[in-house]
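Comments concern the structure below.
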Ligand SMILES: [Zn+2]
Ligand SMILES: [Zn+2]
Ligand SMILES: [Zn+2]
Ligand SMILES: [Zn+2]
Ligand SMILES: [Zn+2]
């Protein structure tokens, strides 16, 4: 190295500007040996020196060694890349860990963890075959011989089930009911089946097992026919499993229990409302509620409230209402019992 060359004199002054000293050649043409402000010597590229783009590796190593000792660990050497170092952990196992994780105590021994997880699997008569889809899962061989990914926590407390065996069981249960398992349902409780009639339907697996199911399509066809026989049309589902929405012969739509539709024991509440409203008006009353709400319904008369049984009004409204008027029996709202006794008093 020619200490008097123009390049070397430039390197000397650039080092001086960083508080360093050029003390000799480096391992090759690209490096030079410097003494750093801390006193340690290190080979650095002159361009890095010029841009202040270096740090003392000896000081860094000392710092990382101290940080490791604080966690009861020992720094053994470099890791697979600049982000990792090799450490010996308190348990004695060696592991590559990022210095930040070491400093913040965010690490655990993978070897010890693997041993623990393997022991937990053995306790469930299972065997670890390999890693799972993420750190929480492993691939296991289950006691039945099937392979499945399971969360290590579920393996620990035995909260797992062989999916293949479970599906095989469901297939058998379906066959026992003359059905065929076709595939998954809207959630884990349901599966899609072909029923004995040939229609497909999602059914809860335990309903199928306990034979608590019927074909919705066949039922629909039946209800459609029963509605047609009454001059009505089935429009769709109702407020619960008993009810369906129908279009009645008058054109109004109404929810009616299917058995009532079958027997023809229903009447249009809208038409009834219209009729009652008219009758009330003749009596100087006003129907406040809807006939749909039940048999008991509030009426307004003479500034007060009166509640009368719609069935009664429908049959003999003028008589009842005029009786109620004459007694000025304004009750808000009266009980059904009250209505009955009033009815008696009319007779
Ligand atoms: Zn240093
Ligand atoms: Zn360990
Ligand atoms: Zn299995
Ligand atoms: Zn069917
Ligand atoms: Zn109607």
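Quick check, is residue 135 assigned by TED's automatic domain parsing to the domain that holds residue 152, in a helix (DSSP H, G or I) and either under 37 Å from the mean Cα position of the chain (by Cα) or over 29 Å from residue 148 (Cβ atoms) (or both)?
no
Go through segment 247-273 residue by residue and tally those that are under 15 Å from residue 219 (Cα atoms) and in contact with a strand residue (DSSP E or B) (Cβ under 9 Å, 6 or more places away or on another chain).
Summing the residues that are under 15 Å from residue 219 (Cα atoms) and in contact with a strand residue (DSSP E or B) (Cβ under 9 Å, 6 or more places away or on another chain) in segment 247-273 gives 3.
Give the number of residues within segment 173-217 that are without any contact (Cβ under 8 Å) to a residue 24 or more places away in the chain, surrounded by fewer than 16 Cβ atoms within 10 Å (Cβ to Cβ) and part of a loop (DSSP other than H, G, I, E, B).
So the count comes out to 12.
Looking at (1) farther than 22 Å from residue 77 by Cβ; (2) in contact with a strand residue (DSSP E or B) (Cβ under 6 Å, 6 or more places away or on another chain); (3) not in a loop (DSSP other than H, G, I, E, B), can you tell me which one residue 43 breaks?
(1)
Hey, could you check segment 77-108 for residues that are over 14 Å from residue 60 (Cα atoms) and in a strand (DSSP E or B) and say which is nearest to the chain's Cα centre (by Cα)?
Ranking the qualifying residues of segment 77-108, first place goes to 97.
Give the residue, chosen from 220, 273, that is surrounded by 14 or more Cβ atoms within 10 Å (Cβ to Cβ), on the phi < 0 side of the Ramachandran plot, in a helix (DSSP H, G or I) and more than 34 Å from the chain's Cα centre (by Cα).
273
The values are calculated or read from the model by the stated rules, or taken from the named source; none is laboratory data. As the structure is a computational prediction, the values presented were derived from the model and not from experiment. Glycine gets a Cβ as well: all are built from the backbone with ideal geometry, and neighbour counts include every protein chain shown.
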